[in-house]
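This report concerns only the one structure given below.
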Amino acid sequence: MSWLKEVIGTEKAIISMLHLQAMPGDPYYNKEKGIKWVVEKAREDLDALQEGGVDAIMFSNEYSLPYLTEVKRETVAAMGRIIGELQPYITVPYGVNVLWDPKASLDLAAAVDAKFIREIFTGVYASDFGLWNTCCGEVVRHQREIGAENVKLLFNIVPEAARYLADREIRQIAKSTVFNCRPDALCVSGLTAGSPTDMSTLRDVKAEVPDTVVLANTGCRKETIEGLLGIADGAVVATTFKYDGKFENQVDKNRVKEFMKIVKDFRGGN
C-alpha cells in the first residue's frame, strides 16, 4: 500500500489542481477586481471540484505567468491569505505548488497545513524561463528546518517547457532521483499544462522504480485516464475539468463528475 491511501484516502488517486487567478505582483493581476475577487473565483472552483468528487486538491499560482524560479514574497503571502480564507470549506486533503520554487512551496505548505507539494527539485534545464538550476539538498534541509518533515514531496522529473541539459534517458533520471533524493512521488508531464502525458514514458518510469509512487501529471482526459491509471499510481488533473477543456477557464462541475465516474468505476466503485 502506498502513502496515497494513508494521506489521500485511496489508491489510484486523482489530485485536482486549483489554479488561482493572477495575484498581487503578477503581471496580469486585475487591480480593479482586487484580491477579494481572486478569493471568490477560488471558492467557486473549490466547490465545483469537491462537489464533482475529486480525491484531493492542489492549489497553485498557475496564472502567475511568466513564471519565476525564485518566487517573490507577495505571491506566497497572497496564496496564504486565499487558502486561509478557504480552509473552513475544504473537505478533501490538499497540497500546494508555488511555481517554480520548492522552498516557497514548503513555506506555504507549513503555513496552511498542506499535506504535499509538487515542484522541480532536481536537475539542470534549458527552459522558457532561462537556465533552470536546482539543489535538492538545500530544499530538503529547509524542509527539516521549518518543521515540514511530514509534507510529501512530488518530484516533477519531466518539467514543462524545459529540457534536461545532460543527455540522460528518462529511466536513468528516475532511478538516480529515487536513489539520491528519496522522493515521495515522481510526476511525468507533457510539454505544457494540458499536454498529454506520454504513456510510453510513464511506463518506462514506473518499470524502473516500481516501489515509488508515479503520477501522470498533465493532459489526463476522460478518454485516456483508464489507460494512464493502468500504469500510474494516480494522476494530477486540471485542464480537462474546465469549461470546454480550456486552460484559461474555470472548473465545470459536470466535467469533473463525468471524469470521476470513470475513475471510480475503474477503481471498483470507490
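The values are calculated or read from the model by the stated rules, or taken from the named source; none is laboratory data. Worth saying up front: this structure is predicted, and the values here are computed from it rather than measured. Every residue, glycine as well, gets a Cβ built from its backbone with ideal geometry; the counts of neighbours run over all protein chains shown. The area values use the complete protein model at the heavy-atom level, side chains included, leaving out ligands, DNA and RNA. Shrake-Rupley method; radii C 1.70, N 1.55, O 1.52, S 1.80 Å.
Evaluate segment 148-160: report whether one residue or more is at pLDDT 95 or above and in a helix (DSSP H, G or I).
Looking for residues that are at pLDDT 95 or above and in a helix (DSSP H, G or I), one finds none in segment 148-160, hence no.
Any idea which residue in segment 233-252 is farthest from SER60 (Cα to Cα), counting only those that are open to solvent by less than 70 Å² (accessible area, probe 1.4 Å) and assigned to a helix (DSSP H, G or I)?
Taking segment 233-252 first, the residues open to solvent by less than 70 Å² (accessible area, probe 1.4 Å) are 233-242, 245, 247, 249-252.
Subset that is assigned to a helix (DSSP H, G or I): 239-241, 245.
Values: THR239: 13, THR240: 16, PHE241: 15, GLY245: 18 Å.
Once the filter is applied, the top-ranked residue is GLY245.
For segment 198-232, which residues satisfy the criterion of being surrounded by 16 or more Cβ atoms within 10 Å (Cβ to Cβ), of a type in the set (Ser, Thr, Tyr) and over 14 Å from ILE157 (Cβ atoms)?
Once the filter is applied, which keeps residues that are surrounded by 16 or more Cβ atoms within 10 Å (Cβ to Cβ), of a type in the set (Ser, Thr, Tyr) and over 14 Å from ILE157 (Cβ atoms), segment 198-232 yields only THR224.
Quick check: anything in segment 89-96 small (Gly, Ala, Ser), closer than 13 Å to GLU119 by Cα, out of contact with any helix residue (DSSP H, G or I) (no Cβ under 8 Å at 6 or more places or on another chain) and touching a residue at least 12 places away in the same chain (Cβ under 8 Å)? Quick ask: steps written out before the conclusion?
So in segment 89-96, the residues small (Gly, Ala, Ser) come out as 95.
After this cut, where a residue has to be closer than 13 Å to GLU119 by Cα as well, the list is 95.
Next cut, out of contact with any helix residue (DSSP H, G or I) (no Cβ under 8 Å at 6 or more places or on another chain) only: none.
Checked segment 89-96: no residue is small (Gly, Ala, Ser), closer than 13 Å to GLU119 by Cα, out of contact with any helix residue (DSSP H, G or I) (no Cβ under 8 Å at 6 or more places or on another chain) and touching a residue at least 12 places away in the same chain (Cβ under 8 Å).
Might you check whether a residue that is in a helix (DSSP H, G or I), within 19 Å of PHE241 (Cβ to Cβ) and open to solvent by 50 Å² or more (accessible area, probe 1.4 Å) occurs anywhere in segment 46-62?
Of the residues in segment 46-62, the ones in a helix (DSSP H, G or I) are 46-52.
Cutting the leftovers down to within 19 Å of PHE241 (Cβ to Cβ) gives us 46-52.
Checking which are open to solvent by 50 Å² or more (accessible area, probe 1.4 Å) leaves us with 51.
Yes, segment 46-62 has at least one match.
Say we look at segment 90-128 and pick out the residues that are among the small types (Gly, Ala, Ser) and not in a loop (DSSP other than H, G, I, E, B); which of these is farthest from HIS19 (Cα to Cα)? Steps first, answer last, please.
Applying the first criterion (among the small types (Gly, Ala, Ser)) to segment 90-128 yields 95, 104-105, 109-111, 114, 123, 126-127.
Filter once more, keeping what is not in a loop (DSSP other than H, G, I, E, B): 95, 104-105, 109-111, 126-127.
Values: GLY95: 12, ALA104: 17, SER105: 15, ALA109: 16, ALA110: 20, ALA111: 19, ALA126: 25, SER127: 22 Å.
Out of the qualifying residues, it is ALA126.
Determine whether segment 208-218 contains at least one residue that is at pLDDT 95 or above, in a helix (DSSP H, G or I) and out of contact with any Ser or Thr (no Cβ under 6 Å at 6 or more places or on another chain).
yes
Exactly one of (1) touching an Asp or Glu at 6+ places or on another chain (Cβ under 6 Å); (2) among the hydrophobic types (A, V, I, L, M, F, W, C); (3) part of a loop (DSSP other than H, G, I, E, B) is unmet by MET1. Its number?
In the conditions (1) touching an Asp or Glu at 6+ places or on another chain (Cβ under 6 Å); (2) among the hydrophobic types (A, V, I, L, M, F, W, C); (3) part of a loop (DSSP other than H, G, I, E, B), MET1 misses (1) alone.
When LYS103 is evaluated against the numbered criteria (1) open to solvent by 10 Å² or more (accessible area, probe 1.4 Å); (2) out of contact with any His (no Cβ under 8 Å at 6 or more places or on another chain), which criterion, by number, is the only one it fails?
So LYS103 meets the others, but not (2).
So which residues in segment 163-173 are touching a residue at least 40 places away in the same chain (Cβ under 8 Å), of a type in the set (A, V, I, L, M) and either surrounded by 13 or more Cβ atoms within 10 Å (Cβ to Cβ) or touching a helix residue (DSSP H, G or I) at 6+ places or on another chain (Cβ under 8 Å) (or both)?
Going through segment 163-173, the residues touching a residue at least 40 places away in the same chain (Cβ under 8 Å) turn out to be 164-166, 173.
Add one more test, that the residue is of a type in the set (A, V, I, L, M), and what stays is 165-166, 173.
Those that are touching a residue at least 40 places away in the same chain (Cβ under 8 Å), of a type in the set (A, V, I, L, M) and either surrounded by 13 or more Cβ atoms within 10 Å (Cβ to Cβ) or touching a helix residue (DSSP H, G or I) at 6+ places or on another chain (Cβ under 8 Å) (or both): LEU165, ILE173.
Please count how many residues of segment 1-37 are in contact (Cβ under 8 Å) with a residue 40 or more places away in the chain and not hydroxyl-bearing (Ser, Thr, Tyr). Please lay out each step first, then the result.
Within segment 1-37, the subset in contact (Cβ under 8 Å) with a residue 40 or more places away in the chain is 2-4, 7-26, 35.
Narrowing the set further to residues that are not hydroxyl-bearing (Ser, Thr, Tyr) leaves 3-4, 7-9, 11-15, 17-26, 35.
Residues meeting the conditions: 21.
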